[in-house]
Amino acid sequence: MDLSVDGNKRRLRRKRADGEDDEAVGVKKDKTEASRLESCLDQPTDSSSIHEVIKYTPSVLPARHYDVDTTEPISCGLQTLDELLSWNRSEANPFNVAAVPLAPREPPLASSPRRTLVSHDMMGGYLDDRFTQGTSAEAPYAFYHWQYIDIFNYFTHKLVTIPPAVWTNAAHKHGVSVIGTFITEWTDGAAACEAFLKEEESYRAVADKLVQISHYYGFDGWLINVENILSEVAVKNTPLFLRYLTDQMHERVSGSLVLWYDSVTENGQLNWQNELNQTNRVFFDACDGFFTNYNWTEQNLETMKDYSGIQGRTADVYVGVDVFARGKVVGGMLETNKALEVIRRHGFSAAVFAPGWVYETNDDKTEFRKNQDMFWALLSDYLYVHRPASPLPFISSFCQGFGKAVFWRGKKETMRSWFNLTAQEIQPLYYRTQLGGHGWLRSRGCPEDAWNGCCSLLLDGLIPASHTSPVCAKIFSLYVALPSQTLVSFIYKPSAGITVSLELKTTDVCTQTDIDDARLTSVSPEVLDGGHPLVRQFSQLCGDLNPDGWTVRCSQLEHSGCSLRELCVSIQRSGDPQDTPFSCRVGEIMLLDVASLQVPPEPLQGLCIFDVVWLHGAGTSPESTSPFLRLNATLRWDYQTKLVRHFRVYWRRLRGPDPRVPPGQLVLVGRAYSNLFRVTELAVPEPPALLELVVEPVIRNGFLVPESHWGRRSLSYTEEVTQ
């Protein structure tokens, strides 16, 4: 977007009303993020307004963390050993901190006998996903088959690859661990290794920084990939480095992982083995797992299976599968399932490398969802579903984190292409199955219509005439403890000729052991009519849903099992037996503890504004024919993020240069998914003026938060008076 004036872009410098430069909010390059946050917290709580005197100067926000043109926050990695060793949290990027902690899951990763790791290597990395608040993207790559995988590795060829927060947030919602990459390659890599592996002090310094980075940004560990020759001293210290790093990660980051890639052998030679054996076992013994090279044969797996060095750690060996099928490999591309079949037959975990092949090699990006679903369907027989195990409320609108519009309660809130994986909600199972004869059932994401976010879940298929029982479409595998009374909200659009209801499968087994062997009981929650007290209370708390073609059904489930294990949509033909094509668009499913209806919402507190940068942009405002002013600023506030789906950020004009112009209405700026949001390129009235920035929590249980509980801060600004 061109924001130039006469070919030269001008930025304005923040200045306090007393005329002194406000150094504490980041106008000096040597001031840290910590000092900016302290300045934010120092803003007076007894006043709802701050004042700006505008002065032209270039932005001093660090270019590695902010787009130089728009000041949008971005993710990045570290290129050199010096960058890594000089890293400190006071100068780190707060926008790349994961907002979502790793959710519990069943079975826990440590007790999963056959795991699946995905290593995401795409076009150098840090593409659309580098924008931590999302971006406009016509055809981005996304991943949404999370229940099939256990570990997500973000991979680039930078020395230190820090996973973008959007990936960590999406993975963590599904109980999937996220690991970054530390890689050394070729001549430069060899030099770096000689420098940091020369002695205990130096390798501990590198390990300490990797631990600090993982801890600060909220991801779960590292893939260590040394692809260069090591000297005798360096290779001797490598297992010590791995052990120290692994121990420190375990101490600082719960559930963390350090994996080693099959490359260097114990004599320091770069010699890919394509298996775990005596030449590389020393590295395996020093960390949590081993990621083999891709050019293995079945003989390699047979050899490993009998290798005594594994010693009961078969699940810690991740057999690499290159989806691009480079070199002499088993399977790959649309035959990746052949590799998975062999790997599982020998009892190993799998590491699927570069599954973005389905996106990169297909010129028609509009077919991405179709190709993605087809690829993972081919692998599904060799993947193992884990269950998210978070407490109620459980809610999903099936948003995949990208689309052509943003929906809110069935209405289009924003009409533009967008991408933000943090917006992704708990994903259902996507599949196609036969119903006997020529009948079939399919589950897929559909962006044409949605209740909230980008897409709904479309169930379609054909019920054959011979099929007289209801079709049970399995949507979620879960491990959710149930309270004595559960309120269930189900929002959907069925086609003609069918009736639709929810079917829940519960168990009385209350321990998280042998859950696959637990006997499941199918229950259907009692549908409540509109006059039921619970429905009236729920409707009052949620406000007018105004479904516009959507059916909103509330049901109650009395305690009928210790935990919920499966959630299904039951579809029944409503007429005479005949071949019946059908479709049902599911907009949202929510389960609430009835007791939560009595809990009042919390107020948002401590909203403050800092790191203000002004731009004069090309174009005009409605009130002027001259280039208009754009506001860029960071907002920060206090709220329990575990309670919210997102925050809605608004602005409005309170007063402008012309006193005859009345205050404006609230205008949506965007959605935030943490307690930090960067307003960028917001067109505002010319000075002198007064505007207000407002933050509304949208809480997970769907209840409206009263405006009195929203955060508000006004910003007045004037032009600097020149002599």
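The values are calculated or read from the model by the stated rules, or taken from the named source; none is laboratory data. Quick caveat: nothing in here was measured; it's all calculated off a predicted structure. Every residue, glycine among them, receives a Cβ derived from its backbone with ideal geometry; neighbour counts consider all protein chains shown. For accessibility, only protein heavy atoms count, side chains too; no ligands or nucleic acids. Shrake-Rupley method; radii C 1.70, N 1.55, O 1.52, S 1.80 Å.
Values as computed for the structure displayed
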item: Out of 377, 351, sole residue that is over 30 Å from residue 641 (Cβ atoms) and in contact with a Gly (Cβ under 6 Å, 6 or more places away or on another chain); result: 351
item: In the stretch 340-365, the residues that are of a type in the set (A, V, I, L, M) and without any contact (Cβ under 8 Å) to a residue 60 or more places away in the chain; result: 340, 342, 343, 358
item: Subset tally (residues that are farther than 21 Å from residue 108 by Cα and touching a helix residue (DSSP H, G or I) at 6+ places or on another chain (Cβ under 7 Å)) for the stretch 312-328; result: 4
item: Residues located in the stretch 51-99, provided they are over 22 Å from residue 169 (Cβ atoms), open to solvent by 20 Å² or more (accessible area, probe 1.4 Å), at pLDDT below 95 and outside any loop (DSSP other than H, G, I, E, B); result: 51, 53, 55, 56, 90, 91
item: Selection from the stretch 572-613 of residues that are closer than 30 Å to residue 474 by Cα, touching a helix residue (DSSP H, G or I) at 6+ places or on another chain (Cβ under 9 Å) and part of a strand (DSSP E or B); result: 592
item: Enumeration of residues in the stretch 305-325 that are surrounded by fewer than 24 Cβ atoms within 10 Å (Cβ to Cβ) and over 21 Å from residue 378 (Cα atoms); result: 305, 306, 307, 308, 309, 310, 311, 312, 313, 314, 315, 316
item: Boolean, residue 309 is touching a residue at least 24 places away in the same chain (Cβ under 8 Å), touching a helix residue (DSSP H, G or I) at 6+ places or on another chain (Cβ under 7 Å) and either outside the structural domain of residue 182 (by the TED database) or assigned to a loop (DSSP other than H, G, I, E, B) (or both); result: no
item: Condition check for residue 422: under 20 Å from residue 133 (Cβ atoms) and at pLDDT 95 or above; result: yes
item: Residue 262, sole failed condition from (1) among the acidic types (Asp, Glu); (2) under 29 Å from residue 371 (Cβ atoms); (3) crowded, with 23+ Cβ neighbours inside 10 Å; result: (2)
item: Contacts under 8 angstrom Cβ, first residue in the stretch 315-339 being among the polar types (S, T, N, Q), partner part of a loop (DSSP other than H, G, I, E, B) and surrounded by fewer than 22 Cβ atoms within 10 Å (Cβ to Cβ), 6 or more apart; result: 337/331
item: Residue in the stretch 199-216 that is out of contact with any Cys (no Cβ under 8 Å at 6 or more places or on another chain), in contact (Cβ under 8 Å) with a residue 40 or more places away in the chain and polar (S, T, N, Q) present; result: yes
item: Subset of the stretch 338-364 (residues that are within 21 Å of residue 315 (Cβ to Cβ) and among the basic types (Lys, Arg)); result: 344, 345
item: Residue, modelled with the lowest pLDDT, within the stretch 562-592, restricted to residues that are under 15 Å from residue 392 (Cα atoms) and more than 26 Å from the chain's Cα centre (by Cα); result: 562
item: Spans of strands (runs of 3 or more DSSP E) in the stretch 114-197 with at least 1 residues under 30 Å from residue 681 (Cβ atoms); result: 116-121, 151-155
item: Set 464, 494, 483: member being surrounded by fewer than 22 Cβ atoms within 10 Å (Cβ to Cβ) and either in contact with a Gly (Cβ under 6 Å, 6 or more places away or on another chain) or assigned by the TED database to the domain that holds residue 163 (or both); result: 464
item: Single unsatisfied condition, residue 280 versus (1) open to solvent by 10 Å² or more (accessible area, probe 1.4 Å); (2) more than 17 Å from residue 183 (Cα to Cα); result: (1)
item: Criterion (at pLDDT below 95, among the charged types (D, E, K, R), surrounded by fewer than 17 Cβ atoms within 10 Å (Cβ to Cβ) and not assigned by the TED database to the domain that holds residue 404) met by exactly one of 367, 341; result: 367
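Conditions (1) closer than 25 Å to residue 385 by Cα; (2) surrounded by 15 or more Cβ atoms within 10 Å (Cβ to Cβ); (3) among the aromatic types (Phe, Trp, Tyr), marked per residue:
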| site | (1), (2), (3) |
| --- | --- |
| 450 | no, yes, no |
| 477 | yes, yes, no |
| 490 | yes, yes, yes |
| 526 | no, no, no |
| 529 | no, no, no |
| 533 | no, no, no |
| 537 | no, no, no |
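Residue-wise test of (1) in a strand (DSSP E or B); (2) touching a residue at least 24 places away in the same chain (Cβ under 8 Å); (3) surrounded by 21 or more Cβ atoms within 10 Å (Cβ to Cβ).
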residue: 385; (1), (2), (3): no, yes, no
residue: 407; (1), (2), (3): yes, yes, yes
residue: 412; (1), (2), (3): yes, no, no
residue: 427; (1), (2), (3): no, yes, yes
residue: 433; (1), (2), (3): yes, no, no
residue: 438; (1), (2), (3): no, yes, no
residue: 442; (1), (2), (3): yes, no, no
